[in-house]
Structures are given as structure tokens and as C-alpha cells.
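Engineer: Could you have a look at this structure, given as C-alpha cells, before my questions?
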Amino acid sequence: MNYVLKFEHASIYVAGRYNKYSRTLSQTPWLIDGKRKTETSVEELIGLPLKEFFQAKEMSFMSSGREDVDVRMLGNGRPFVIELKSPKLVFMASRENMAKLQQKINEDARSQLTVKYLQCVSKEQTKVIKDGEEQKTKVYRALVWTSRPLTQADVGLLNNTKELVLDQDTPIRVLHRRSLSTRQRTVHKLRATPINDKYFFLDCLTQAGTYIKEFVHGDLGRTRPSIGTLLQCEADLAYLDVMMINLDFPPKIEDQSDDAIKKDEDLPTNQ
């Protein structure tokens, strides 16, 4: 009888936060019928340099939620973890090497994204991302169009809206990959800033998992209420940005700049 012994090193977990500035960059490889729809992805831009550096056999990408391909991730960035499976170089995760890898990722991404706070974490620490799925809150900024001029009364109505509970049926745009269900999500605060008669910025502090696009246009009545029903007019979304994800992960690195984080008073907060 023959025996085969196989030895593999335990996985290495690399965490950080990323900002995405492109509206044509998917979070993970986007394939339809085996054909790529985007040239690259957030996962590949961050993960492949790490996989190559640690000489890992495989990698697995996890993040605190995901943004659509046409949505930017701004503000304090989105927490992520990359699991590097069966790495050969296991003693190379020094702070200096992580800083060099971070710089390489940012340079190679060519302004499509940036990463910060890149560091190795334990498997136990990565549970924060999973555990925070329901508890965390997010801040979004949408550019909204309305079919009639926005009045001061409309602005007051939106700005005074708090703890609004939505009933959201699975959006039409994701029905092909998600089962039909109705979920309740809470919009904690809204802030409307008019630009002209037909356009305004809408800042939303929401429970994680809220479909913001559908909250704006209503999704043919599948999200109740919506901005359109609140204002009693048609409303649609020109573009959407994620401005903040309120999840304390991973630990900040003191000597790294945090200038991209929105700290002023023009975004809703948990207070």
C-alpha cells in the first residue's frame, strides 16, 4: 500500500479598504456566457499582485458588500479581505512589504482604484466582515432627477424623513440571480441639496442591504415607498456613489493619510 503525504501552508489573510473611481469597473470578474464584459475587476487589481508576491495557489476575495459596476466607492473606502491559499512565501508579510505592495497596486490600477491600510490579519479577525453584514450602515449620494421642479416643501419633507422603513421586492435587475422575496430595510436619514429645478443631490444613511437605485425610482412599484411616491412625481437616478461604510475594519495604519474620508457636516451620520 502506498501513501502520499501532502503539505500545504495555512492561508494568509490580507485586509484593507479600497476606493473605486471608475464607473466601468466591476468588483469581481464579470462574465456572461463565458465572455468578459469588463477588462478587469477590483478583485483582480488587488488580488493578483498579492497572489504573485506570496506565490499562492489560489485566492478568494471577500468584501463588506459590493457596489454595482457603474457606482463609485468613495469616502472611507470598502473593507475587504483576500485569502491567499497555500502560499509559499509565508514570512514576507512585513509592514514594509505591505506598504510596497499597496503602492504597486495603486500604481498599476491607473486611477481606477486605490487601496489603503493593507495588512495581514488573522482568520478570526475576518469574521468582522460577515458579522457586520446586517449591523453596519452606509452613506450614499445620488444625483436625482424629478419630473417637476423641486420645491422648498419637497426639500423639507425629505430632510425631515427619519427611520423610514421600506418594503423592497427583489429588484428586476437582479431577479436572474436572486430569488423573489420581500425585504424590509430602514433609511435612517435623508438630506436633499437642490442643484436646479430638476436635479438634486440626495444623501442617504441606510441600513446595509438597501437597494438605493430602486428607492429612488421605485422599480415599477416594487420598492415602497420611494422618492417618487414621497414627492408624488416621477424620479430617476442619474448616478450613485457610496460615500461611507460604517464598519471598523481593518485597523487603521497611523502613518497613512486618510484625506479621502468625508469628515465634514454635509453627510448624514449615525448621530
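Engineer: Please state which one of 143, 118, 113, 101 is under 20 Å from residue 26 (Cα atoms) and either within 21 Å of the chain's Cα centre (by Cα) or of a type outside the set (Asp, Glu) (or both).
Structural biologist: It is 113.
Engineer: If we scan region 62-73, do we find a residue that is exposed (fewer than 14 other Cβ atoms within 10 Å of the Cβ), farther than 16 Å from residue 115 by Cβ and modelled with pLDDT of 95 or more?
Structural biologist: Checking region 62-73: at least one residue is exposed (fewer than 14 other Cβ atoms within 10 Å of the Cβ), farther than 16 Å from residue 115 by Cβ and modelled with pLDDT of 95 or more.
Engineer: While we're here: I'd like to check something: does region 100-108 contain any residue that is touching a Ser or Thr at 6+ places or on another chain (Cβ under 9 Å), modelled with pLDDT of 95 or more, within 28 Å of residue 57 (Cβ to Cβ) and open to solvent by less than 20 Å² (accessible area, probe 1.4 Å)?
Structural biologist: Yes; the residues of region 100-108 include at least one that is touching a Ser or Thr at 6+ places or on another chain (Cβ under 9 Å), modelled with pLDDT of 95 or more, within 28 Å of residue 57 (Cβ to Cβ) and open to solvent by less than 20 Å² (accessible area, probe 1.4 Å).
Engineer: Kindly indicate whether residue 69 is part of a loop (DSSP other than H, G, I, E, B), β-branched (Val, Ile, Thr) and more than 21 Å from the chain's Cα centre (by Cα).
Structural biologist: It is false that residue 69 is part of a loop (DSSP other than H, G, I, E, B), β-branched (Val, Ile, Thr) and more than 21 Å from the chain's Cα centre (by Cα).
Engineer: Would you pick out the residues in region 1-30 that are surrounded by fewer than 18 Cβ atoms within 10 Å (Cβ to Cβ), among the aliphatic types (A, V, I, L, M) and closer than 30 Å to residue 253 by Cα?
Structural biologist: Matches in region 1-30: 10 only.
Engineer: Would you check which residues across region 31-61 are over 26 Å from residue 212 (Cα atoms), among the aliphatic types (A, V, I, L, M) and open to solvent by less than 40 Å² (accessible area, probe 1.4 Å) and list them?
Structural biologist: Those that are over 26 Å from residue 212 (Cα atoms), among the aliphatic types (A, V, I, L, M) and open to solvent by less than 40 Å² (accessible area, probe 1.4 Å): 45, 46, 50, 56.
Engineer: So which residues in region 154-191 are β-branched (Val, Ile, Thr) and either at pLDDT below 95 or touching a Lys or Arg at 6+ places or on another chain (Cβ under 8 Å) (or both), if there are any at all?
Structural biologist: 161, 165, 170, 172, 174
Engineer: Further question: Which of (1) more than 30 Å from residue 116 (Cα to Cα); (2) in a loop (DSSP other than H, G, I, E, B); (3) not aromatic (Phe, Trp, Tyr) is the odd one out, the single condition residue 134 does not satisfy?
Structural biologist: (1)
The values are calculated or read from the model by the stated rules, or taken from the named source; none is laboratory data. If you're wondering where the values come from, they're calculated on a predicted model, not measured in any experiment. Here the Cβ is made from the backbone with ideal geometry for all residues, glycine too, and neighbour counts use every protein chain on show. Accessible surface areas use protein heavy atoms only, side chains included; no ligands, DNA or RNA. Shrake-Rupley method; radii C 1.70, N 1.55, O 1.52, S 1.80 Å.
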